[in-house]
Amino acid sequence: MLFTLLIAFAALFVTFALTASCLYWIGSVLPSAATATPATVVVLGGGVRSGRLTPLGRARVQAGVRAAGADRNILFTGGLSDSRAEAEVMAPFAVELGLLPDRIKTEGHSRTTLQNALFTFDALGGGPIILASDRFHLARAAILFRWAGFQIVGFAPSAHRSEPVAHLWQIMREALSLWLNLARMLLWHGAALIGASRAQRIKWLT
């Protein structure tokens, strides 16, 4: 019995480690958007503390503004914050970086990456997008945004680099989150088959 449990644990650990490695590798090779490609840049929140963006969050905004260039619009998505919606904290920083306010939209209700995808789809109605986030996060985000109905034409990875231990934790957390998200996506479609409304599925599964 103990040997079986050890084998199962080892298999689970290997699967988990391989998932984390694949996500990180995919995030490292995702293509940037072509300069002339029309698209909305979607920036995923990276955290707010005491009403201010974390270094991770600031770097994501900077990556998004670079990808927006002179003519693309940008949407900031994120509602998980200690005082204000994260998207509402990101937008003023983008203006400080030179982005015109009339090119900015915000989605300030989402609390997970899965909700980022669903609520951003509500705000934009689909269409081509460029995803801006960290390399360790982009692969999972791409899966969820494609599932939500978006065409992703490029990626804008941030230049932020966490301390080694924090970076390892971020990568491993992504692997766990991917499997949880895949389960939620399956349950989402299953709940639809039994008549659950979209609002109910968002409440229960995201």
- Message: Can you list residue pairs whose Cβ atoms sit under 7 Å apart, with the first residue in segment 179-194 being within 15 Å of residue 112 (Cα to Cα) and the second being among the aromatic types (Phe, Trp, Tyr)? Count only pairs 6 or more apart in sequence or on different chains.
- Response: 185/147
- Filter segment 180-192 down to residues that are under 23 Å from residue 136 (Cα atoms) and more than 15 Å from the chain's Cα centre (by Cα), then give me how many there are. 3
- The listed residue being touching a residue at least 60 places away in the same chain (Cβ under 8 Å) and not basic (Lys, Arg), out of 108, 79, 64, 69: 64
- Message: Can you confirm whether residue 63 is surrounded by 22 or more Cβ atoms within 10 Å (Cβ to Cβ), outside any loop (DSSP other than H, G, I, E, B), within 17 Å of the chain's Cα centre (by Cα) and not hydroxyl-bearing (Ser, Thr, Tyr)?
- Response: yes
- Item | Qualifying residue in segment 91-113 (condition: in a helix (DSSP H, G or I) and of a type in the set (S, T, N, Q)) | yes
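Return yes or no: is residue 179 over 26 Å from residue 49 (Cα atoms), of a type in the set (Phe, Trp, Tyr) and not in a loop (DSSP other than H, G, I, E, B)? Give the derivation first.
Details: over 26 Å from residue 49 (Cα atoms): yes; of a type in the set (Phe, Trp, Tyr): yes; not in a loop (DSSP other than H, G, I, E, B): yes.
The answer is yes for residue 179.
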- Query: All but one of (1) surrounded by 20 or more Cβ atoms within 10 Å (Cβ to Cβ); (2) small (Gly, Ala, Ser); (3) within 16 Å of residue 64 (Cβ to Cβ) hold for residue 139; which doesn't?
  - Reply: (3)
- Out of curiosity, is residue 154 surrounded by fewer than 23 Cβ atoms within 10 Å (Cβ to Cβ), touching a helix residue (DSSP H, G or I) at 6+ places or on another chain (Cβ under 9 Å) and modelled with pLDDT under 95? yes
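The values are calculated or read from the model by the stated rules, or taken from the named source; none is laboratory data. None of the values given here were measured: they were computed from a predicted structure. Glycine also receives a Cβ, built like all others from the backbone with ideal geometry; neighbour counts cover every protein chain displayed.
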